[in-house]
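Taking it in order: structure first as structure tokens, then the write-up.
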Ligand code: XIL
């Protein structure tokens, strides 16, 4: 080959490589998945999941491709795990944990202590506080030991504060004072006990208190903030706060949410956004308007940006990922829906792009 031709050929190849290289830099967000974007910013991006759907190939493929964390939506709750006072049925939760391990995803455990989705034998058992305490201790220690080293973070206690007129007060529940596990009328003492039991069963797991409608600064989040200070002062192994972030208005107060994340992380706690969805009004076929889908995208973007702007906010999780399977439909009597990142056919929505781009531009 003539030297001039070789020179021209090398120049051409060099230009081609340069072009590929620059494209790689200029348009990363067009090619990346959510999990790629999140891992760049050391963030966990997760979804709540149901084992029955894993056999659907689009469900499993989307989950594994887009998320680096999952959380069982229902199958770690008492109702599913505890068919009777003696037995444990881990079969459904194990399927999800195995899926996560196979796809290099972390698992959040939800939830050990909640007043809802408890089995009838427990709700109607007329147990004494001493009996309930033993049942709860055994439950916590057995479940946490079963998943030791596999579940990296637990929602130890879920939704222990009340709403409406009682907002900011501890909720009256089977675990607190109906009849409770022996700490009725002693504020967060029963919550502290639960955290200690979990820590004993798995000292490496991160332990969260998870709550609804405490995303903004309000009387509920004020109460949780005060409780967190109290627990930390008492040496209780509390590592983080889960803010559920079920949004059903198109005008959430983002600066208040950001301020709330700031005050919890300033205590040295992590914040996880644990159950995000943005419910939209839908027609009888379950479709939302294009304008609302755009507003929804903007809300996802702003929440992702608010989380990323605080170093202690370490995970964003949505409550499901496809509109095909979301609790919002039945929860709102089918007046709302279309709340998640993928539509019913697993196509990414504007909210998906907004989240991915927000995660790609982490500070
Ligand atoms: C919901 C599930 O999504 C539904 O499948 C179930 O029927 C009811 O519970 N806050 C929580 C979650 O902490 O556990 C709830 O999940 C939604 C509200």
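Listed values, structure above:
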{"read-out": "Radius of gyration and maximum dimension Dmax of the stretch 125-236, Cα, Å", "value": "14.2, 41"}
{"read-out": "Intensity falloff of the stretch 197-238 expressed as log10 I(q)/I(0), Debye formula with alpha-carbon point scatterers, at q = 0.16, 0.29, 0.33 Å⁻¹", "value": "-0.49, -1.00, -1.10"}
{"read-out": "Against the rule of thumb 2.2 N^0.38 Å, how large the Cα Rg of the chain comes out", "value": "1.11"}
{"read-out": "Volume in Å³ per residue [convex hull over Cα atoms, computed for the stretch 256-329]", "value": "89"}
{"read-out": "Per residue, the convex hull volume that the Cα atoms of the stretch 215-363 enclose (Å³)", "value": "109"}
{"read-out": "Estimated [θ] at 222 nm from DSSP helical runs (n ≥ 4, -39500 (n - 2.57)) normalised by residues in the chain, nearest 500", "value": "-13500 deg cm²/dmol"}
{"read-out": "Rg to Rh quotient for the stretch 59-127, alpha carbon positions, Kirkwood Rh", "value": "1.07"}
{"read-out": "Beta bridges by DSSP in the chain, antiparallel share as percent, to the nearest 5", "value": "10"}
{"read-out": "As computed over the stretch 290-341, the Cα convex hull volume per residue (Å³)", "value": "81"}
{"read-out": "Protection proxy ranking of 216-227, 70-81, 283-294 - average other beta-carbon atoms within 10 Å, highest first", "value": "70-81, 216-227, 283-294"}
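All of the numbers you see were taken from the coordinates with simple rules; none came from a lab. Only a predicted model underlies this, so the values are computations on that prediction, with no experimental measurement involved. Every residue, glycine as well, gets a Cβ built from its backbone with ideal geometry; the counts of neighbours run over all protein chains shown.
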